[in-house]
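Coordinate-derived values only; no laboratory data. Not measured: the values here are computed from a predicted model. Methodologically, a virtual Cβ is constructed for each residue, glycine included, from the backbone with ideal geometry; neighbour enumeration extends over all protein chains shown.
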Amino acid sequence: MIAIVIVGCGIVQWVRPLPRPVAHVSVGSTAVISGTPPSLPWPNGVQATLDIPGIGSFGEKGPITAAPIGSVAKMMTAYLVLKAHPLGLYTQGPSVTVTPQDVTLYQNDVASQQSVMPVVAGEKLTERKMLEGLLIASGNNMATMLADWIGGNTARFVATMNQTARNLGLSNTHYVGPSGLNPGTVSTAPDQVRLAELLMKMPVFAELVAMPQMTVPGQSQLDYNYNYLVGHDGIIGIKTGSTLESGGVFIFAGNRILGNQRLTVYGGVVGQPGTRTASQLVASLTDGKNLLDAVSGVVSSHTVMAARTTVGTITAPWQHTVALITTKPIALLGWAGLTYHVVLHLKPVRSHVVAANTVVGTLTVSTGSQTVTVPVATGSGLKGPSLKWRFTRL
């Protein structure tokens with residue numbers, strides 16, 4: 001009788017379904033590049049930000065609160081003009097006839113010592129020439145003329161500026177005019193850098209802000225870009241601003257060779273103080289140049305995960321844990337302290353026996369637009385349960 005019971009129990013244990021091995025993830029969803037984060041030459045007491053699209057942001061420094069931005073507001077004016085009347089590279093676009101009212105506006109702006117582009121009643125200005133006057137000469141009269149042309153009147157255009165800012169997620173930005181002269185036009189360095197990155201995707205905008213000077217219609221004189229750094233040391237734009245209320249403001253972009261790649265770095269400085277607008281502007285341009293130059297020394301390729309790093313396990317009740325390992329090293333372009341994202345995809349383990357070096361999933365590491373995916377494999381084999389384990393399991 002005892003023998004029958006033993007045999008019966010043995011048969012039950014033999015035919016009893018085996019538990020499936022289970023794969024587990026042992027890495028977090030985010031990590032940071034190891035090392036000491038870089039110390040950048042952030043300007044003291046001034047809000048600033050620095051970003052490399054496709055890689056990541058160095059973050060923000062200073063009091064990131066809405067503040068007057070001066071002529072940097074003209075970036076949004078240009079954006080709305082180009083959305084309403086797109087221009088191709090080196091094309092002129094439609095023309096606008098200068099009215100006597102436009103001449104009066106110009107004369108009033110000159111009298112109050114504003115930045116302007118000269119106009120003459122009856123002359124025809126192309127869209128491109130007006131945009132040059134807006135972005136290079138930084139003409140406040142051009143901002144008003146463009147606003148009236150696109151919006152029908154300045155008030156409607158400004159309403160569109162604010163609605164567009166909301167649509168773009170520029171939550172700390174508010175416009176009261178198309179030129180930025182009124183100190184009620186406020187924003188932050190991060191908001192304006194976000195807008196700059198969007199604008200630079202428009203080839204004609206990038207072409208315009210890279211111009212060091214422009215010709216004035218009907219005159220032999222040149223108007224020079226207030227961003228006197230443009231065209232030097234890889235700097236390709238974008239816009240300056242300087243009033244007594246705003247201080248010096250500089251939203252900039254520059255090309256740099258980083259980790260054997262040519263990348264564009266964007267940044268912004270808002271609120272550089274000074275006793276005169278000229279000194280404010282020089283200080284903000286110097287701040288931007290210093291930040292751009294510092295990037296080259298801190299961005300490089302980092303191996304964030306070596307080959308054969310354990311990123312997961314397979315567990316089965318009849319065997320010790322099997323490590324799941326990366327099959328290749330993973331490198332990212334960045335800097336110490338940069339956060340990156342980690343996603344491990346594992347296939348269900350459908351067999352009770354898995355050979356060593358069997359690919360069971362993938363590991364993807366990403367930051368910005370950088371994405372690296374490597375296979376994940378078993379570091380050792382998973383053996384099937386022994387006879388002893390099968391007959392003695394509870």
With a Förster distance of 56 angstrom and the Cβ-Cβ distance between residue 111 and residue 298, calculated FRET efficiency to the nearest 0.05 equals 0.70
Most exposed first, judged by fewest Cβ atoms within 10 angstrom, 264, 97 run 97, 264
The extension gain from residue 257 to residue 36, computed as 0.36 nm times the residue separation minus the Cα-Cα distance, is 77.4 nm
Residue 387 and residue 366 label points (each 7 Å along its Cα→Cβ direction) are spaced in nm at 5.2
With T = 20 °C, eta = 1.002 mPa s and Kirkwood Rh from C-alpha pairs, the Stokes-Einstein D of the stretch 28-98 in µm²/s is about 127
Which residues qualify? For residue 69, with a placed amide H closer than 5 Å and at least 5 residues away or on another chain, they are 187
Distance in Å, no decimals, from the C-alpha centre of the stretch 338-363 to the one of the stretch 169-206 is 45
Check: in the chain the Lys pairs 8 or more apart or on separate chains whose Cα atoms fall under 23 Å apart number 19
Note, the stretch 175-183: 3J(HN,Hα) by Karplus (6.51, -1.76, 1.60, θ = phi - 60°), whole Hz, Gly/Pro = x, goes 10, 10, x, x, 9, x, 5, 5, x
At R0 = 41 Å the Cβ-Cβ FRET efficiency linking residue 244 and residue 123, nearest 0.05, sits at 0.80
Computed for the chain: size of charge dipole around the Cα centre, +1 on C-beta of each Lys and Arg, -1 on C-beta of each Asp and Glu, debye to nearest 20, value 2540
Protection proxy (average C-beta count within 10 Å per residue), highest first, orders 119-125, 132-138 as 132-138, 119-125
Computed about the Cα centre, the charge dipole of the stretch 173-264 from +1 Lys/Arg and -1 Asp/Glu charges at the Cβ has a magnitude in debye, to the nearest 20, of 240
Here the stretch 123-229 gives, from Cα atoms, an Rg and Dmax in Å of 14.4, 43
With T = 20 °C, eta = 1.002 mPa s and Kirkwood Rh from C-alpha pairs, the Stokes-Einstein D of the chain in µm²/s is about 86
Between residue 91 and residue 347, the FRET efficiency computed from the C-beta separation at R0 = 41 Å comes out, to the nearest 0.05, as 0.15
A correct fewest-to-most ranking of 369, 380, 171, 246 by other Cβ atoms within 10 Å would be 369, 171, 380, 246
